[in-house]
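Comments concern the structure below.
The values are calculated or read from the model by the stated rules, or taken from the named source; none is laboratory data. Nothing here was measured: the structure is a model prediction, and the numbers come from that model. Neighbour counts are summed over all protein chains in view; Cβ atoms, including those assigned to glycine, are modelled from backbone coordinates with ideal geometry. Ligands, DNA and RNA are excluded from the accessible area calculation, which covers all protein heavy atoms including side chains. Shrake-Rupley method; radii C 1.70, N 1.55, O 1.52, S 1.80 Å.
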Amino acid sequence: MVIFIGDDLAVRDIGPYGNHVVRTPNLDKLSRESLVFDKAFAASPTCGPSRSSLFTAMYPMRHGAHGNHSGVGEGMSSMVQRLSALGYRVAIAGKLHVGPQEVFPFERIAGTNAPEPGFENTPGLHYDLILAPVDKWLGTQKPDKPFVLIVADHSPHVIWPEKPIYRPDEVDIPPIHIDTEETRKARARYYTDVTKMDTNLGTLMNLLDKHGMTANSILMFTADQGPQWAFGKWGLYDYGIQVPFMVRWPGYVKAGSRTDALVSQVDILPTMVEIANGMPPKDVDGKSFLPVLKDPGVKHRDTVFASHTGDRLMNRAPMRMLRTDRYKYILNLAPEIRYTTHMDRATDHDGGREYWPSWRIESFRDPHAAAVLWRYHHRPEEELYDIGADPWEQVNLAADPKYSDILERFRAQMKTTREVQGDYETGPEDLNAPNKNRGKAKGPVAPYVF
């Protein structure tokens, strides 16, 4: 079982989900060989909490790493323990960003994280995924020893490539963004990084072919959450919380099929356990979607839950979400706080600083631009969207009397869900609270790379 994880990638920004600008030939090929999930969601729109949820099958408040760069609680079990107990070798290549080590004792494939050329001494966010060590690792596997391999790319997380392969005039601009020359230049670089990720996926697919593993392996593709663009990462709109998800399983999953089944990434681990002939764990939030793999028409969930706490000093506006097939409910726990992220505040790296000043200037000239910035910074206590009629979530129905019954049902369900999760937070995370989930590691509790 192999999982390729893209970093900060929107569903709408790859070919299999309808984007006609970005070039993703390997994802297009994989989609033709896979079951494509059209309604898959991360548990958090932030890297660390999202990955911790994928690897533990728990929502962030239960596993404890609900703030970015934090660690899960002591005594938690992850994919490593669950699948190792069933005879699997469990390894990871590329980005890590979870901790502590005792909960996530992956076999780490050395040499798969390399600073980009020119940033050897100050890599920061300048990391490349190197797959040559994965090639060597695959060559050492024995036919009678099953394995789980996580390949976690660094693209298209910022910092995007300086030299784009797309022209600014050919990229598309979502209706929730502001169309300026600077936006187009940044989006051309983002799309370049999406294509770079697609190339890495193609290399991995070729390696599985090379080692004769394609026919007897399951390949899954997903991302940790949406991109570092407004209303994406660090927020609970679909652009930030919906993720691509494809499963290729030759001889079992019908190639080129699609499903509307509502799934969360917390469901991936229980599914893997059931595939491995184990009993899916009952002490988690996830549940196996193996029946969907057998029959794409099968229903899986009525509702998915997701939460956002923050990214320490930058993103201090906590929120919770419930999403059904058609409707989305967002509860903003601190609506009095002006919403900000790295996009509008960070000055030390790209992913906002190169185009955000042009958005501010345009907001004094254009009503649409003014509305985008106002909506970005100001979040009401409650938001309700009809995703079917309003896929970009621009019309808040929470105050519309026609939707009062739906709103009340969501309120009651959110109250129950938060109680089950032990989620009694009322505002931003306390930065002075001691980190009880550090584990025994001397370095960062959730290191970015190995």
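Let's see how each residue does on (1) at pLDDT 95 or above; (2) open to solvent by 10 Å² or more (accessible area, probe 1.4 Å); (3) over 24 Å from Gln81 (Cβ atoms):
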residue: Asp8; (1), (2), (3): yes, no, yes
residue: Arg12; (1), (2), (3): yes, yes, yes
residue: Asn19; (1), (2), (3): yes, yes, yes
residue: Arg23; (1), (2), (3): yes, yes, yes
residue: Ser31; (1), (2), (3): yes, yes, yes
residue: Ala40; (1), (2), (3): yes, no, yes
residue: Ser52; (1), (2), (3): yes, no, no
residue: Phe55; (1), (2), (3): yes, no, no
residue: Arg62; (1), (2), (3): yes, yes, no
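Would it be correct to say that Leu331 is within 21 Å of Pro380 (Cβ to Cβ) and open to solvent by 10 Å² or more (accessible area, probe 1.4 Å)? Taking the combined requirement at face value, the residue satisfies it. The residues in the stretch 90-109 that are under 13 Å from Val151 (Cβ atoms) and among the aromatic types (Phe, Trp, Tyr) can be counted, and the count is 1. If Gly352 passes every condition in (1) open to solvent by 10 Å² or more (accessible area, probe 1.4 Å); (2) within 21 Å of the chain's Cα centre (by Cα) but one, which one does it miss? Result: Gly352 fails condition (1) only. For the stretch 122-153, a residue qualifies if it is under 15 Å from Leu204 (Cα atoms) and either assigned to a loop (DSSP other than H, G, I, E, B) or at pLDDT below 95 (or both), and the qualifying residues are Ile130, Leu131, Asp153. Checking Ser155, Ser77 one by one, the residue that is open to solvent by less than 10 Å² (accessible area, probe 1.4 Å), on the phi < 0 side of the Ramachandran plot and in contact with a Pro (Cβ under 9 Å, 6 or more places away or on another chain) is Ser155 and no other.
Quick grid of which residues meet (1) charged (D, E, K, R); (2) touching a strand residue (DSSP E or B) at 6+ places or on another chain (Cβ under 7 Å); (3) at pLDDT 95 or above:
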{"position": "Thr324", "(1), (2), (3)": "no, no, yes"}
{"position": "Leu331", "(1), (2), (3)": "no, yes, yes"}
{"position": "Trp374", "(1), (2), (3)": "no, no, yes"}
{"position": "Glu382", "(1), (2), (3)": "yes, yes, yes"}
{"position": "Asp390", "(1), (2), (3)": "yes, no, yes"}
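Among the candidates Asp144, Asp172, the residue that is open to solvent by 30 Å² or more (accessible area, probe 1.4 Å) and touching a residue at least 40 places away in the same chain (Cβ under 8 Å) is uniquely Asp172. I'd like to know if the stretch 101-121 contains one or more residues that are in contact (Cβ under 8 Å) with a residue 40 or more places away in the chain, in a loop (DSSP other than H, G, I, E, B) and under 18 Å from Val266 (Cβ atoms). Looking through the stretch 101-121, at least one residue is in contact (Cβ under 8 Å) with a residue 40 or more places away in the chain, in a loop (DSSP other than H, G, I, E, B) and under 18 Å from Val266 (Cβ atoms). Tallying residues that are in contact (Cβ under 8 Å) with a residue 24 or more places away in the chain, among the charged types (D, E, K, R) and not in a helix (DSSP H, G or I) within the stretch 401-439 yields 5. Evaluation of Lys287 against the conditions (1) surrounded by fewer than 17 Cβ atoms within 10 Å (Cβ to Cβ); (2) of a type in the set (D, E, K, R); (3) in contact with an Asp or Glu (Cβ under 8 Å, 6 or more places away or on another chain) shows that the sole unmet condition is (1). The single condition among (1) crowded, with 23+ Cβ neighbours inside 10 Å; (2) of a type in the set (Ser, Thr, Tyr); (3) under 24 Å from Ala398 (Cα atoms); (4) more than 17 Å from the chain's Cα centre (by Cα) that Thr324 does not meet is (1). Restricting attention to the stretch 224-243 and to residues that are part of a loop (DSSP other than H, G, I, E, B) and charged (D, E, K, R), the residue that is nearest to Gly352 (Cα to Cα) turns out to be Lys233. The C-beta contact set for the stretch 287-313 (first residue among the aliphatic types (A, V, I, L, M), second residue open to solvent by 20 Å² or more (accessible area, probe 1.4 Å), distance under 6 angstrom, 6+ apart or interchain) comprises Leu290/Glu274; Val292/Val298; Val292/His300; Val298/Pro291. Filter the stretch 90-100 down to residues that are in a strand (DSSP E or B) and either at positive phi or open to solvent by 50 Å² or more (accessible area, probe 1.4 Å) (or both), then give me how many there are. The qualifying residues number 1.
Taking the stretch 42-83 as the range and being within 19 Å of Val151 (Cα to Cα) and in a strand (DSSP E or B) as the test, no residue passes.
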